[in-house]
Amino acid sequence: MRRRPWRLAVAAVALVGAVTVWLLATRTFPYHSLNHDEGVYLQQAAMLLEGQLFVRPPVEDVFRPWFFVEDGKRLYPKYSPVPAAIFALGELAGGYRLALAGIGAAIPALVALVVREVFDRRTGLVAAVAVLCSPLFLIETAVFLPYAPTAMLNLAFAYAYLRADRTGDLRFAGAAGAAIGLAFFARPYTAVLFAAPFIAHACWTLWRDHRAALPRQAATAAFGLVGVGLALAYNAVVTGSPLVFPYEAFAPLDGLGFGRRRILEHEIEYTVGLALRSNALVLRSFFTEWLVGGLLGAALAAAGLGLVVRRGLSPREAILAGQLLTITVGNVYFWGNFNVLGDIDRAGTGLIATHGPYYHFDLLLPAAAFAAVGALALFDIVRRRADRSLSPQGARAAVVAVLLVSALAVGGVTATTLEGKLERNEAVTETYDRAYDPLEDGAIEEPAVVYLPTPYGDWLAHPFQALRNDPGFDGDRVYALDERPFDVADAYPDRSLYRFAYRGTWAPQVGSPQGARLQRVERVAGETVALNATVGVPEAAGSVSATITTDDGSETYVADDVSSPLATRLVVADGEVRLRGAAWNATDSIAVDERDDVTLTVFVDRGPGNSFSYRLELPVRGDDETVEALTPRVERCSGIRDCGGEAAYLPESAPDGTFVRTDLATPDRDGLG
């Protein structure tokens, strides 16, 4: 292939990569994916754009984003800032997803350049197409995770190194060092596994002819060490020690090695046997589902590798062959490859089902390169035999037919596999779309504070990674955990308050939750606060009871009347709460702490399988003179296990005869009744 047509072809492949990744990012992942690390990197990118390495929340314990480390009154992410900085460049250009499109263009173009340096232009182009069509590349590059950006830096290093090795150009040698230094800063172990065969090659060149090789290898090493120095300097700034990486400060046992591994509440004994089994499953998934053509692509790669070995590996070809070894073996030492599998005994679970074996992303380069070698060797065999056996016209027809059949076979397998992966992710997006619908533009009077539930613990952006705060916690919408609502309201006295709640277990991969609600939160204060609640009691209800619970105790009352609607009033005053209403024969009171959540549970008994309860949780705060209250959290629970955050009352989907209406008031004492 001549140089200009080849460059145009590579540019076309890069353009297709950019457009495809852009479409996937905007249509398949508009609310991001099941991997909540996306929110971490985007939060970090926003911080970098503001010139911040730390955030300082206005209220403790309710503004901590997912995977952020607490350091006194400041927080910092557990990840390196390099991937976030790349995403930030996209925002500077007009939108974060522009960075993904840029990465989607850069990776196949760099693959073409690297493979051209090792083999030839034709092989480089085919390898680029193979990477472009691999489901792992398409899906992983369309999300805000570090694996594709780091691979881009690794590929830039590989091309610059090979170019410098061929030409002796010190500029490319320096660029190689800078690229691998940044890759190390981004993901140290990933960069080491990728670069190990290049380091071996560099040592070999120095041994063979140190005078010629020393200047360029020194330039590469010098600029590479700058990247290492940056990483260590960053560590010193954020963790206080150059040798303590932020991820280690977050979870000291979440790293390389065998034995006890732990992050937060997840802990295992990562044995050699478990590591080998896990990585075997991950590699099987890579070669059968996430590489172009699946098993056909893997067979072509094996054939290409065998052909190259049989004719004698060149030093450059040995680099790519060596990566198959270093990346594969090196990942055995990292327990993350166990974690991506989910339930190791059940296929199709874990993030590998939706995101692929992303810790092995760099395997795409050697796998695609050798697959291209194998495919072109097969094509050449067919062409030679056709030329010997057929007329020129017949030979051309035969070759075209073989190409079409091969393309259909490989393309069909790839399309089928990719379709399944996309359907899984699109199903998640449909659930996100349903859940986030109440938060669409126009639904909130801004500036506002939105209280969020905590299905996975006291974290922001986990799972609600589409709902993130500005680094200064001063955007039009501020998101806070619904844990210390009064302190948050005090910190933002001039904002409207809302509460986001959902119904159903938060499990988007299986279509849950079924819906969500945005509730306006009112704040009232007075000598006395009363919650007026009217609930629906369907026909055939045998009895209705009410239980009031505070931090100091609880009391249960049985209604004299089960007609619908059923009016109930909670009155909070003088450090006590009382139940009032015509249907209730209640005269006693329950003590209320200075800060408390007064819970009213109305149980409607309709027999086994048909009973349900309304649960109203009223946040209160009081002193000797004043009681404050916020609009209660409201749930409709089909069973006792449903209550507590996953049974939000949704008026539009409530069964016939069931409803809740609430009103907060500050009546004077003479009007309490």
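At a glance:
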{"quantity": "Any chance E60 is in contact with a His (Cβ under 6 Å, 6 or more places away or on another chain) and not in a strand (DSSP E or B)", "calculated": "no"}
{"quantity": "Criterion: surrounded by 14 or more Cβ atoms within 10 Å (Cβ to Cβ) and touching a residue at least 24 places away in the same chain (Cβ under 8 Å) - qualifying residue of E555, E539", "calculated": "E555"}
{"quantity": "The lone exception for H462 - which of (1) assigned to a helix (DSSP H, G or I); (2) in contact (Cβ under 8 Å) with a residue 12 or more places away in the chain it fails", "calculated": "(1)"}
{"quantity": "Single match in Q43, Q52 (criterion: modelled with pLDDT of 95 or more and assigned to a loop (DSSP other than H, G, I, E, B))", "calculated": "Q52"}
{"quantity": "The range 39-52: number of residues that are surrounded by fewer than 23 Cβ atoms within 10 Å (Cβ to Cβ) and within 18 Å of Y432 (Cβ to Cβ)", "calculated": "1"}
{"quantity": "Answer from T666, T601 - the residue that is in contact with a Lys or Arg (Cβ under 9 Å, 6 or more places away or on another chain) and either more than 18 Å from V521 (Cα to Cα) or modelled with pLDDT under 90 (or both)", "calculated": "T601"}
{"quantity": "Residue identified as in contact with a Phe, Trp or Tyr (Cβ under 7 Å, 6 or more places away or on another chain) and either outside the structural domain of F370 (by TED's automatic domain parsing) or assigned to a helix (DSSP H, G or I) (or both) among A302, A249, A298, A236", "calculated": "A298"}
{"quantity": "Residue that is nearest to the chain's Cα centre (by Cα) [pool: residues in the range 517-573 that are of a type in the set (A, V, I, L, M) and not in a strand (DSSP E or B)]", "calculated": "V537"}
{"quantity": "Residues of the range 292-349 classified as of a type in the set (D, E) and under 27 Å from A191 (Cα atoms), total", "calculated": "1"}
{"quantity": "So F119, is it touching a strand residue (DSSP E or B) at 6+ places or on another chain (Cβ under 9 Å), buried (at least 23 other Cβ atoms within 10 Å of the Cβ) and at pLDDT 95 or above", "calculated": "no"}
{"quantity": "When residues of the range 71-123 are limited to those that are assigned by TED's automatic domain parsing to the domain that holds A318 and of a type in the set (D, E), the one nearest to F379 (Cα to Cα)", "calculated": "D120"}
{"quantity": "Tally of residues being of a type in the set (A, V, I, L, M) and under 21 Å from A541 (Cα atoms) across the range 556-578", "calculated": "5"}
{"quantity": "Segments classed as helices (runs of 4 or more DSSP H), wholly inside the range 313-413, with at least 2 members that are hydroxyl-bearing (S, T, Y) and modelled with pLDDT of 95 or more", "calculated": "315-332"}
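Each row is one residue, and each column tells you yes or no for (1) among the acidic types (D, E); (2) farther than 18 Å from E140 by Cα; (3) in contact with a helix residue (DSSP H, G or I) (Cβ under 9 Å, 6 or more places away or on another chain).
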site: T271; (1), (2), (3): no, yes, no
site: F286; (1), (2), (3): no, no, yes
site: I319; (1), (2), (3): no, yes, yes
site: G322; (1), (2), (3): no, yes, yes
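The values are calculated or read from the model by the stated rules, or taken from the named source; none is laboratory data. As the structure is a prediction and not an experimental result, all values here were calculated from the model. Note that each Cβ is placed from the backbone with ideal geometry, even for glycine, and that neighbours are counted across all protein chains shown.
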